[in-house]
Amino acid sequence: MIKKQVKKFEKNWIIISLVIALLFLLCILTKFYGVSDVGDYSDIAKFFAGKYSAKLRTSHPISYGLMHTPFLKIMDSFIFLKLSSVLWLSLIIISVYYISNKNKKTILLILTTPVIWYMSPYISPIPLTCFLFLWSYYFIKKYDEKQELKHLLYSGLLIGVAWIFWEAVTYFAFALVITFLLNKKLSHSIYFVLALLVGVFPKLLIDYIFFGFPFYSILKHFFSVIAFSFYGSIYGQTENRSLLALLPTLLIIPIYTLILFTKRNFKKYKKQIFFILFSLFMIWLAGSQIRYVFMLIPIIILLLGEILTEKQFKIQLIIFIVLTLLIANLYLIQAKYETNSKDFSQFVINLGSLELNSSFYESTLNEDIIAIAKDYPAQIFIVGNSPDDYQTLAHVYWEKNIKEFVSIQDYRLFLQDSSLIFKKTICSNSKIQNRREICISAYLERLSDNKDNTDYSSIKYAISLQDNLDLDNFKLIKKYHILSLFEKV
């Protein structure tokens with residue numbers, strides 16, 4: 001009997017190890033490393049490694065990028081950030097293995113779930129956050145079952161640590177608290193919050209060290225969410241909540257999630273179901289991206305592993321394998337070709353119009369920058385025409401022959417002797433002859449002159465990703481493969 005259990009244990013670990021090895025191999029082979037917010041995390045690591053020829057601009061916490069800075073000091077590559085994602089995904093797989101008490105169905109489902117493979121080469125803190133959140137869910141569920149306060153404290157602490165790396169985890173934490181603590185003593189909710197604050201303390205310390213304000217990233221995220229929700233981004237972007245944009249996310253969610261809503265299962269897993277529904281609603285509000293749903297998939301699979309019949313399990317497994325093979329093939333294609341469907345979401349939206357290109361845009365872009373740096377060494381370059389085009393160039397360029405890439409937005413503000421990037425004022429709207437209105441203003445400014453060491457007046461050259469440049473007194477002097485170089489006249 002013992003030998004049989006040992007053989008079963010060894011067999012499970014062979015399968016798990018093989019899948020994890022394939023995840024690492026896929027990550028190394030593909031040139032894909034994400035489509036959303038990738039630069040925000042990779043550029044932070046590059047900036048603190050001293051290899052980023054521009055000022056830093058990120059909408060996310062610097063903690064995750066900062067953690068990877070030593071690796072970028074060693075090598076001029078983002079490969080360590082990609083491999084880091086696979087490491088956390090591997091820990092999620094192993095965690096689900098143990099949390100499910102080595103349930104065979106659960107193991108095979110987590111190993112083949114498409115979202116694991118989707119996230120494998122993605123530069124993002126979400127796999128790490130998902131790992132921490134999974135254990136937070138485990139402990140709060142233990143607390144709910146046994147009423148032991150230590151489990152609640154573990155849960156809050158892990159949420160706090162997860163918050164260090166990704167702000168949006170707070171929405172899932174809110175759903176968790178509402179679901180599992182609503183019928184508990186108020187003092188227990190306070191204990192949970194206190195444990196959370198202990199976990200998030202390093203984040204406050206990092207913000208204080210680098211920004212002089214411990215709540216910098218928390219407040220920045222909070223106000224940006226409000227602004228984006230009501231007014232769109234400062235560049236006019238809005239979330240896409242169309243059915244077509246939602247379809248890739250729906251395909252990734254296990255089809256048998258629906259059986260959780262049967263009368264028997266709903267009664268047994270009522271709290272988990274409310275948590276999932278509330279979280280899905282918030283994900284929909286945020287734009288229904290696959291990477292957000294990833295936070296829920298391990299929890300859903302743990303539930304399905306307990307309730308799926310053998311037939312349902314086999315059907316779900318086949319669906320997972322088909323989708324996973326599709327995702328893996330999309331990434332393998334990008335080992336040699338660039339495509340207009342870099343990830344599963346783009347593939348579904350561009351279905352029937354897949355395009356392949358033997359040359360990679362970023363590689364060609366880097367060749368152009370190297371050529372410009374050789375022709376005009378040790379120069380500061382304005383980059384346009386979009387405000388953040390300078391990030392695109394600073395992201396791909398690793399050498400040191402360029403002093404700095406400057407945003408065209410910052411240069412315009414210098415010419416106007418202004419620092420205001422964006423301002424929004426909200427006022428009350430009195431219907432009577434009231435002498436006063438209450439107004440709240442929020443605004444963004446560029447770095448103040450006494451802290452900005454860029455000599456804007458000495459800039460002689462500008463680069464555009466288009467054929468034209470939206471600045472007066474600059475003339476085109478050379479066209480490269482992608483970039484156009486302009487000189488001040």
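The values are calculated or read from the model by the stated rules, or taken from the named source; none is laboratory data. These numbers come from a predicted model, not from an experiment. Ideal geometry is used to build each Cβ from the backbone, glycine not excepted, and the neighbour counts take in all protein chains shown. For accessibility, only protein heavy atoms count, side chains too; no ligands or nucleic acids. Shrake-Rupley method; radii C 1.70, N 1.55, O 1.52, S 1.80 Å.
Overall size of the chain from C-alpha positions, given as principal axis extents largest first: 83, 67, 41 Å.
Given R₀ = 25 Å, FRET efficiency for ASN183-LYS150 by Cβ-Cβ distance, to 0.05? Walk me through the numbers on the way to the answer.
Numbers: r = 20 Å, r/R0 = 0.79.
According to the calculation, E is roughly 0.80.
Between the helical axis of 126-146 and the longest alpha-carbon principal axis of the chain there is an angle of about 30 degrees. Considering only the Cα atoms of the range 373-419, their convex hull presents on average a projected area of 3.6 nm².
The H on the amide N of PHE422, modeled in the peptide plane, is under 5 Å from the matching H of LEU444, each at least 5 residues off or on a different chain. How many angstrom lie between the C-alpha centres of the range 430-478 and the range 129-165? Rounded to whole Å, the Cα centres lie 44 Å apart.
Per residue, the chain reaches -18500 deg cm²/dmol at 222 nm when only DSSP H runs of four or more residues are counted, each adding -39500 (n - 2.57). Rounded to the nearest whole Hz, the Karplus-based 3J(HN,Hα) values (6.51 cos²θ - 1.76 cosθ + 1.60, θ = phi - 60°) of the range 456-467 follow the sequence 5, 5, 8, 5, 10, 10, 9, 10, 10, 7, 10, 7, with x at glycine and proline.
When a 1.4 Å probe is rolled over the protein heavy atoms, the share of accessible surface on the chain that falls to carbon and sulfur comes to 62 percent. For the range 432-449, backbone phi angles converted through the Karplus equation (6.51, -1.76, 1.60; θ = phi - 60°) give residue-by-residue couplings of 10, 6, 8, 5, 10, 10, 9, 10, 10, 10, 10, 8, 10, 10, 6, 4, 5, 4 Hz, Gly and Pro being listed as x. Exposure check, 1.4 Å probe, all protein chains in place: GLU10 carries approximately 100 Å² of accessible surface. In the full protein context, the chain carries 51 Å² of accessible surface per residue, based on a 1.4 Å probe and ignoring ligands, DNA and RNA.
Remark: relative contact order (the chain) = 15 percent; criterion is Cα-Cα distance under 8 angstrom and separation of 6 or more residues.
So, counting K/R as plus one and D/E as minus one, what does the shell of residues with Cβ under 13 Å around PHE320 add up to? Surrounding charge for PHE320 is +2.
For the range 473-489, backbone phi angles converted through the Karplus equation (6.51, -1.76, 1.60; θ = phi - 60°) give residue-by-residue couplings of 6, 10, 10, 5, 10, 7, 10, 9, 4, 10, 7, 10, 9, 10, 10, 5, 10 Hz, Gly and Pro being listed as x. Near ILE477, the amide H atoms lying under 5 Å from its own belong to LEU485, PHE486, GLU487; only residues 5 or more places off or on other chains count, and H is placed 1.01 Å from N.
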